[in-house]
Every structure is written in C-alpha cells, then in structure tokens.
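Chemist: Let me begin by handing over the structure; questions about it come next.
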Amino acid sequence: MARSLGASKSSVSRWREVYREKGKSGLRPKPIPGRPPRLNGTQKARLAGWLLRNPLAYGYKTDIWTLRRVAHLIEDRLRVRYHPNHVWRLLTDMDWSCQKPEKLARERDEKAIAHWKRYVWPHIKKGPQV
C-alpha cells in the first residue's frame, strides 16, 4: 500500500490511525503556520488597480514602477509599511512579474531602421538552401 502511494510505511500507519480517530476531517491538510499577510485580498485588488495606472498619474517624474514607489504607494494609500525588498514578494504572490524598460538610443532613427529591415535585410539574410 505504501509503495503505491509513494509514501513510507510509517506515514501510512499514522494516516490510518488518524482516520480511525478523526475520520476524513483528520486527514485534511493543516494550515501552514506563519505570519498572516499584511494585505488582504481586497487591498491587493485595489493595489493592482492602482499599479495599472501610469506612475505619472501619482506625481512621479517617470512612467516606471519601482519597488520603492510601490512601497510608498502602499504606505500612503493603505497605511501598511513594506520594505521595498519585500514588495517584490508581494507582487510575485499577486502574479506580477518584473518588467524592465527597453533602453533605446536617443539617436535612434525609426524611419531608417524600418527602411533597412524592409529593403536591406531580406537581401542579407540566408534563404532556403536549394
């Protein structure tokens, strides 16, 4: 029996004893101990809505959300203090990911790039070998 479950014999014996004493409810997973989250689901949803807006709308000089800015927003709006390093954990728990802005040269000429891609690149790249 233990082998088919991928568990040790002692675990199966312990589960059987718990089932005899408490029934199915005894086999339910126990909550993991630890500090409860500082933001509840409603607060996280509100935070997500705020982050969908551009940081410029909140008075920042650039349109990039940084961990420090998010921490400040949480403290200012929700009155909950987070260290910027811990904001990253909060955001990943909310299924947000890090988005680094693409750095473009100031001298970049979009028209010249489009022309090169359309007319020069097709003659340079390798085609199918016949």
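Chemist: Going residue by residue through the range 17-30, is there one that turns out to be loosely packed, with under 11 Cβ neighbours inside 10 Å and more than 30 Å from residue 2 (Cα to Cα)?
Modeler: no
Chemist: Could you identify the single residue in 35, 16, 3, 20 that is at pLDDT below 90, of a type outside the set (Ser, Thr, Tyr) and not in a loop (DSSP other than H, G, I, E, B)? Quick ask: steps written out before the conclusion?
Modeler: Values: 35 fails: not in a loop (DSSP other than H, G, I, E, B); 16 fails: at pLDDT below 90; 20 fails: at pLDDT below 90.
Just one listed residue meets the conditions, 3.
Chemist: Follow-up question, since we're still on this one. What are the pairs, 6+ residues apart or on separate chains, where a residue within the range 94-111 that is under 30 Å from residue 49 (Cβ atoms) has its Cβ under 7 Å from a residue that is among the β-branched types (Val, Ile, Thr)?
Modeler: 101/64
Chemist: Look at residue 59 and say whether it is exposed (fewer than 11 other Cβ atoms within 10 Å of the Cβ), under 30 Å from residue 14 (Cβ atoms), at pLDDT below 95 and not charged (D, E, K, R).
Modeler: no
Chemist: I've got another one for you. Restrict the check to the range 90-98 and report whether at least one residue is modelled with pLDDT under 90 and more than 29 Å from residue 37 (Cα to Cα).
Modeler: For the range 90-98, residues modelled with pLDDT under 90 and more than 29 Å from residue 37 (Cα to Cα): absent.
Chemist: Out of all the residues in the range 95-130, which are of a type in the set (A, V, I, L, M, F, W, C) and closer than 16 Å to residue 66 by Cα?
Modeler: Hits for the range 95-130 are 96, 98.
The values are calculated or read from the model by the stated rules, or taken from the named source; none is laboratory data. Note that this is a predicted model, so its numbers are computed, not measured. Backbone-built Cβ (ideal geometry, glycine too); neighbour counts: all protein chains shown.
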